[in-house]
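Step one of this worksheet: look at the structure below.
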Amino acid sequence: MLDRYSDYQYCDLHHLIILLILTCAIIATLGIGLITWHEFQQVGLEIFKIRPNQLGDYRHFELAYIFNGVLLITSTCMFLAMLGLVLLPLGWLSKLLAIVGIYTSITIFLMGVFPMNLGRIHLLASFHYSISITFLSCMSLLAGVLSKPYCSKWLMINSFLLLLACIVNLSHLDVTEASLLSEHARHYQDCIAPYFSWGIAILNISWDVALAFTIRQLIISHFVIRGDQQLAGIDPVERRNPCGSINT
């Protein structure tokens, strides 16, 4: 017999995870988009010559409180979503991805708590974010290689582009410097590093959306498989349960 409580528990949980991830993506898009548009009206394309995390500097940007607020809200949503993903019985790959996602969400939260004007603390949080998002893209690609259902084409392509952007970004970091930036990034006015930082921010949002739809497809597959396995033992009332069981 199926555990009816467990069925609805997992059904509600996977809907909550998808909702949290999409909420994270929407808030990040609206918040960062608003600030970028505001600054674009004043400085034009020069806005893309600074790193996105600098938008949280209260000394230079009047909408910095919105940027830092967005970081706090989105990181909290992502943290809760990744905790939920750990609880879903989708295999060790999803759990490993969720753990790296928790690490990423914590670094984003710290970037919001300690904005750019606090200097070293923010730079350390930003550095860990760069490391965590690199791990996240690698884990997504690993999941796609080991088990195709775990990584849709959209998520696979997004993860590949995100990894390339992360590699370029990391190449312009120097942990021996107080600013954590290489000499080239600090002194060369037309350094490409800020453009790749913007690329990481955009691809990260796109990755969130791709992950949400991938989780939805995975959980549907589990419902279908589990339902087929136990169809012979389901009574007429239980058969009408739209969620089935995903216990393993």
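Tabulated data
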item: Test result for THR76, of a type in the set (Ser, Thr, Tyr), modelled with pLDDT of 90 or more and open to solvent by less than 10 Å² (accessible area, probe 1.4 Å); result: no
item: Flag if GLY84 is touching a residue at least 60 places away in the same chain (Cβ under 8 Å) and assigned to a helix (DSSP H, G or I); result: yes
item: Top-ranked residue of the range 203-233 - restricted to ones that are open to solvent by 40 Å² or more (accessible area, probe 1.4 Å) and in contact with a helix residue (DSSP H, G or I) (Cβ under 7 Å, 6 or more places away or on another chain), ranked as modelled with the lowest pLDDT; result: SER221
item: Restricting the range 183-195 to residues that are modelled with pLDDT under 85 and surrounded by 12 or more Cβ atoms within 10 Å (Cβ to Cβ), the residue that is farthest from ALA143 (Cα to Cα); result: TYR188
item: Number of the condition not met by ILE108 [criteria: (1) assigned to a helix (DSSP H, G or I); (2) closer than 26 Å to LEU13 by Cα; (3) open to solvent by less than 10 Å² (accessible area, probe 1.4 Å); (4) not small (Gly, Ala, Ser)]; result: (3)
item: Any hit, the range 137-159, residues being more than 30 Å from GLU62 (Cβ to Cβ), out of contact with any helix residue (DSSP H, G or I) (no Cβ under 8 Å at 6 or more places or on another chain) and either surrounded by 21 or more Cβ atoms within 10 Å (Cβ to Cβ) or aliphatic (A, V, I, L, M) (or both); result: yes
item: Residue selected from the range 41-73 under the condition of a type in the set (S, T, N, Q) and open to solvent by 10 Å² or more (accessible area, probe 1.4 Å), by the criterion nearest to the chain's Cα centre (by Cα); result: ASN53
item: Given (1) at pLDDT 85 or above; (2) more than 22 Å from TRP207 (Cα to Cα), index of the condition ARG4 fails; result: (1)
item: Odd one out for MET82, checked against (1) crowded, with 17+ Cβ neighbours inside 10 Å; (2) at pLDDT below 90; (3) under 18 Å from ILE219 (Cβ atoms); result: (2)
item: Subset of the range 113-166 (residues that are under 19 Å from the mean Cα position of the chain (by Cα), outside any helix (DSSP H, G or I) and not small (Gly, Ala, Ser)); result: CYS151
item: Answer from LEU93, LEU88 - the residue that is open to solvent by less than 20 Å² (accessible area, probe 1.4 Å), closer than 16 Å to LEU136 by Cβ and at pLDDT below 90; result: LEU93
item: First in the range 212-224 and of a type in the set (A, V, I, L, M), second anywhere and modelled with pLDDT of 75 or more and open to solvent by 30 Å² or more (accessible area, probe 1.4 Å), Cβ under 8 Å, 6 or more apart; result: ALA212/LEU22
item: Residues within the range 113-136 that are open to solvent by 10 Å² or more (accessible area, probe 1.4 Å), more than 21 Å from LEU163 (Cα to Cα) and out of contact with any Asp or Glu (no Cβ under 7 Å at 6 or more places or on another chain), tallied; result: 6
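The values are calculated or read from the model by the stated rules, or taken from the named source; none is laboratory data. Predicted model only: the values in this text are computed from it and were never measured. So basically every Cβ, Gly included, is an ideal-geometry build from the backbone, and we count neighbours across all protein chains shown. Protein only, heavy atoms only, side chains kept; ligands, DNA and RNA dropped before computing areas. Shrake-Rupley method; radii C 1.70, N 1.55, O 1.52, S 1.80 Å.
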